Amino acid sequence: MRKNGRTAAGAQRWKCPECDAGMVAPSVNARRLGQLEGFVAWLRGGHSLEEQGRSFRRHTAWCWQVEPLIDQPPSKRRVLMTDGTYIAHNHCLLVLMDGDTGEVAKCRWRARDDRRL
């Protein structure tokens, strides 16, 4: 097979020089994208992996190796302050905030004020 132009959608066309048979190979990227979208939908859904079947597990096994890109904060904070506020029934809301701007960086509910975010 040798390259023989592209389709209107941009896929590579192939042609056999001996028998003039032509074909368009399916895009690996499009297939992988579909598998990744199915995997993410499964992650967000409430089904177990056993409910999906062996073919789903086999086709999406590579998805476990994908590391998500997590955006970093736009600026580094020089001063961080933490404070715990008790609510009813010994619940504590710990808040980590920027000391310069007062912007909340992180918050977490805790059973007590142990200052571990």
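The values are calculated or read from the model by the stated rules, or taken from the named source; none is laboratory data. What you see is a predicted model; the values in this text were computed from it and never measured. For neighbour counting, all protein chains shown are included, and Cβ atoms are generated from backbone atoms with ideal geometry for every residue, glycine included. Areas reflect the complete protein model, heavy atoms only, side chains present, ligands, DNA and RNA absent. Shrake-Rupley method; radii C 1.70, N 1.55, O 1.52, S 1.80 Å.
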Completion exercise
Put Lys15, Lys106 in order of accessible area, largest first, probe 1.4 Å, and you get Lys106, Lys15
Problem - By average C-beta atoms within 10 angstrom, highest first, the peptides 79-85, 48-54 - result: 79-85, 48-54
Practice task
Work out how much length Ala21 to Arg110 would gain on full extension: take 0.36 nm times their residue separation and subtract the Cα-Cα distance, in nm to one decimal.
Solution key: 25.3 nm
Problem - Å² per residue, accessible surface of the range 1-66 at 1.4 Å - result: 80
